[in-house]
Each structure stands twice: as C-alpha cells, then as structure tokens.
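So the structure is just underneath, and the comments pick up after that.
The values are calculated or read from the model by the stated rules, or taken from the named source; none is laboratory data. Since the model is a prediction, treat every value here as computed from it, not as a measurement. All Cβ positions, even for glycine, are placed from backbone atoms using ideal geometry, and neighbour counts span all protein chains on display.
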Amino acid sequence: MILLAALLLGRDTGGMTREERRLADTLSSIQGAGRVRVTLYYGQSGGALSGSAQKVTGALAVASGAGSVGVRLRLTEALETLLSLPPGSVLVLEMEE
C-alpha cells in the first residue's frame, strides 16, 4: 500500500521524487558532501497569456558533510545552477547522524 501511494505521488519509498533523488545522487558525488537528501519547492509561473505551470522556486538540501562551509557553498552553488534559482532560494543544512 505504501509503495502504491509512493508511486501515485511520484515519490520513491525514501520520500523523494525521482527528480529529487537524481539531484541528491549527483550532489552526493561532490567531495565532502556525503549523504544528501533534497526537497524541491514549486510555485506557479507564467502570466495570464502564457498559462501557468509548476516551476521550481526553491530547494532544501540536507547533507552529512554540510558542517563544512566549503561543502555548503558548493552544494548551494550546484543547486542554484542546476535549477536556475536566484541566490537565496537554496538552503543547505547539516544532516543529523
């Protein structure tokens, strides 16, 4: 039943969507990042004439290596670049072990 609900919601059994899982896998390959989990936040985009669609407006990454300022900076820059997000739209926190 849980697996069915996860499939219907587009989330894997770890609670992340396929896109979030793909990003987490990529980010975990950054030196020092360790384990990474990603949550994406969506908002409406487009005006009255262009219709509206879901657009990523922010991201949260929790990483075991985020206790290092350098790792946090690299993860933040990677998410901003990959998702075309403006500065201040990404938060990276250290994972509780």
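Quick notes
- Hits in segment 54-73 - residues which are under 15 Å from R37 (Cα atoms) and either free of Cβ contacts under 8 Å to residues at least 24 places away in the same chain or surrounded by 15 or more Cβ atoms within 10 Å (Cβ to Cβ) (or both): G58, A59, L60, A61, V62, A63, S64, G65, A66, V71, R72
- Condition met for G43 (of a type outside the set (A, V, I, L, M, F, W, C), assigned to a loop (DSSP other than H, G, I, E, B) and either touching a strand residue (DSSP E or B) at 6+ places or on another chain (Cβ under 9 Å) or at pLDDT below 95 (or both)): no
- With respect to being under 17 Å from S89 (Cα atoms) and at pLDDT below 95, G58 falls outside the description.
- Qualifying residue in segment 16-25 (condition: surrounded by 11 or more Cβ atoms within 10 Å (Cβ to Cβ), part of a loop (DSSP other than H, G, I, E, B) and modelled with pLDDT of 95 or more): no
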